[in-house]
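Okay, so here's the structure we're looking at.
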């Protein structure tokens, strides 16, 4: 039932919403004991841009909404400058392109995001939880070295309406877990902090830090739930940087292979069923799957972004080129099917993630989708909870599940780097063509000059 059709009397509204899993005016404990069957999630929402996608999320009518980071863009981005006193790109750049904002400015940006009418509607009618990524952490690509993280942690928790006595306000980092629903229909959401304790990129150090790893192990080995959603601000399964480099790089757990292996082992050792990931950060939507880690298929559903999307950054005539590059990039773990809107099975326009749980089905089924700005599904998967049970699949199966076992780094060289090879080949062909045209023009000019002298 759409929220716009609410009755006139609040007691009737409460009854109707209690049936669907939300109880208006109820204590937090009572709200979290009701059945949750619709979960929305998203990331990368610039507070300065229009946010019409909230209307589609409202129509989806989620019981829970999960922020996956870049909930605001709090840092300052300098323009691209190749020359001048402040050069932000090129081998001779002398200033960073991103700089942090003041506490006052960060708070102002959070207030602007929080006052958005569409988001305000979600806050009133759904449970809102979340973590952060780099731009709301305070600085692009930053990790544990960032010196304003404690202050910005408080600002994020204020934005999320975290209670004053919340344990999240007393710990280093914003990681947290929530359990929704009654026994037998419980959903556990584990939100990771991939910033506060993260070592430098390409160091193959730690992402979570020792305290968060200890906490995560305890959470995974705790009371079982039918469904466990692990929210990571950066992609867990996809490691596109292994195939897009050296042209460009995307942050992911793949930059820290030891940490990712540790995460997969922890899930496998816990014998916990029904685990899958949701993620953000990359400014496009994607669904990936890895079958050789936990004893059953691990999915990672990436939704990015609510406003910031790769096709929004280029003019319309270049959208085809963006989609062609996405199709050309090797992605052996991406879920490919004919139901995707585009052949690449990525979506570079504003989007959000939608999870529908069919509790009354036997076995319980989930429909997980990426939806566009008007709420239309652009890609999705149907997942039976019977598939997400460790006893059904060997961790190293190579027959039925072998299709999603080839990591990007194990691809043959010519396949792994075909994007870079194609780019540099096109660049070389363009240069040869320009040289050829220049040479032909010079010959023509000489011939004309010679003829003029003879005349």
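The values are calculated or read from the model by the stated rules, or taken from the named source; none is laboratory data. Note that the structure is a prediction, hence the values are computed from the model and not measured. Here the Cβ positions follow ideal geometry from the backbone for every residue, glycine too, while neighbour counts run over all protein chains shown.
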Mind checking which residues of the range 341-385 are free of Cβ contacts under 8 Å to residues at least 60 places away in the same chain and in contact with a helix residue (DSSP H, G or I) (Cβ under 6 Å, 6 or more places away or on another chain)? 342, 343, 344, 349
Scan (1) under 28 Å from residue 241 (Cβ atoms); (2) modelled with pLDDT of 95 or more for the single condition residue 366 breaks and write down its number. (1)
Go through the range 175-196 and count every residue that is within 17 Å of the chain's Cα centre (by Cα) and either at pLDDT below 95 or part of a loop (DSSP other than H, G, I, E, B) (or both). 5
Considering only the range 218-264, state which residues are without any contact (Cβ under 8 Å) to a residue 12 or more places away in the chain and either part of a helix (DSSP H, G or I) or closer than 14 Å to residue 294 by Cβ (or both). 218, 261
Does the range 269-293 hold any residues that are outside any strand (DSSP E or B), touching a strand residue (DSSP E or B) at 6+ places or on another chain (Cβ under 8 Å) and within 21 Å of residue 194 (Cα to Cα), and which are they? 280, 281, 282, 284
Looking at the range 74-97, which of its residues are in contact with a helix residue (DSSP H, G or I) (Cβ under 6 Å, 6 or more places away or on another chain) and either farther than 28 Å from residue 151 by Cβ or at pLDDT below 85 (or both)? none
Residue satisfying condition, being touching a residue at least 60 places away in the same chain (Cβ under 8 Å), closer than 24 Å to residue 204 by Cβ and surrounded by fewer than 19 Cβ atoms within 10 Å (Cβ to Cβ), within set 331, 268, 293: 268
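Can you work out which of the residues in the range 30-59 that are in a helix (DSSP H, G or I) and at pLDDT 95 or above is surrounded by the fewest Cβ atoms within 10 Å (Cβ to Cβ)? Talk me through it step by step, then tell me what you get.
Quick first cut of the range 30-59, residues in a helix (DSSP H, G or I) only: 30-32, 53-59.
With at pLDDT 95 or above added as a condition, the list becomes 53-59.
On the way: 53: 23, 54: 21, 55: 15, 56: 20, 57: 25, 58: 20, 59: 13.
Here the residue is 59.
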Go through the residues of the range 210-217 one by one and say whether even a single one is out of contact with any helix residue (DSSP H, G or I) (no Cβ under 8 Å at 6 or more places or on another chain) and assigned to a loop (DSSP other than H, G, I, E, B). no
Selection status of residue 243, crowded, with 19+ Cβ neighbours inside 10 Å, over 21 Å from residue 62 (Cβ atoms) and touching a helix residue (DSSP H, G or I) at 6+ places or on another chain (Cβ under 7 Å): yes
Log entry, pairs with first residue in the range 166-184 being at positive phi, second being part of a strand (DSSP E or B) and surrounded by 13 or more Cβ atoms within 10 Å (Cβ to Cβ), beta carbons closer than 6 Å, six or more apart or on different chains, reads 181/187
From the set of residues in the range 60-71 that are part of a loop (DSSP other than H, G, I, E, B) and either over 14 Å from the mean Cα position of the chain (by Cα) or free of Cβ contacts under 8 Å to residues at least 24 places away in the same chain (or both), which is surrounded by the fewest Cβ atoms within 10 Å (Cβ to Cβ)? 61
Examine the range 93-115 for a residue that is closer than 30 Å to residue 34 by Cα and assigned to a loop (DSSP other than H, G, I, E, B), and state whether such a residue exists. yes
